[in-house]
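Trainee: Below: one structure in structure tokens.
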């Protein structure tokens, strides 16, 4: 069972690193004037973690997701479709109002970190398409159930693991980066 607080601390450490901000500037082709970490509950419920104010005038809302498992590198995008803790509700894939999904996972040997950037709504819409559903039916896309806890509260999430090689064959806006220089000492338990 995953520890929500540990995952959150690791995610925040990554989000606040200079290397990630540098990479955002590179991928968005503009310097960051201001980075706002979303901490108020009502904004968090809109499904974004940071707001980037760029020098070119754009304001981007970003949902950051960190896949914490360090035992294996998964060549897929794991998206939450349902969340249950007594009642069932839609997962962040369908609820988030963020423009961009920043998806992070580290390699087991800590030699590199992988970041992919997606237009979140494009993925959400694609998962409702006949193309996606046929890939799910054929077993190319896996359903994964995970269990988490915080204090004594427990919940279950239902996720889809969508292989990167399938995503690359779609018309979805996809940008990948292998980060070799990102300091990973804050991920060591």
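The numbers here are math on the coordinates, done by the rules we state, and not lab data. Treat the numbers as computed from the prediction; the structure is a model and nothing was measured. Quick reminder, even Gly has a Cβ in these numbers, built from the backbone with ideal geometry, and neighbours come from all protein chains shown.
Trainee: Describe numerically, in nm with one decimal, the distance between label points set 7 Å from Cα along Cα→Cβ at residue 156 and at residue 22.
Mentor: About 4.4 nm separates the two model spin labels.
Trainee: With r as the distance between the Cβ atoms of residue 129 and residue 53 and R0 = 30 Å, compute the FRET efficiency 1/(1 + (r/R0)^6) and round to 0.05.
Mentor: My answer for the efficiency is 0.35.
Trainee: Express in nm, to one decimal, how much length is gained between residue 89 and residue 74 on full extension, taking 0.36 nm for each residue of separation and deducting their alpha carbon distance.
Mentor: Extending this stretch completely gives an extra 2.8 nm.
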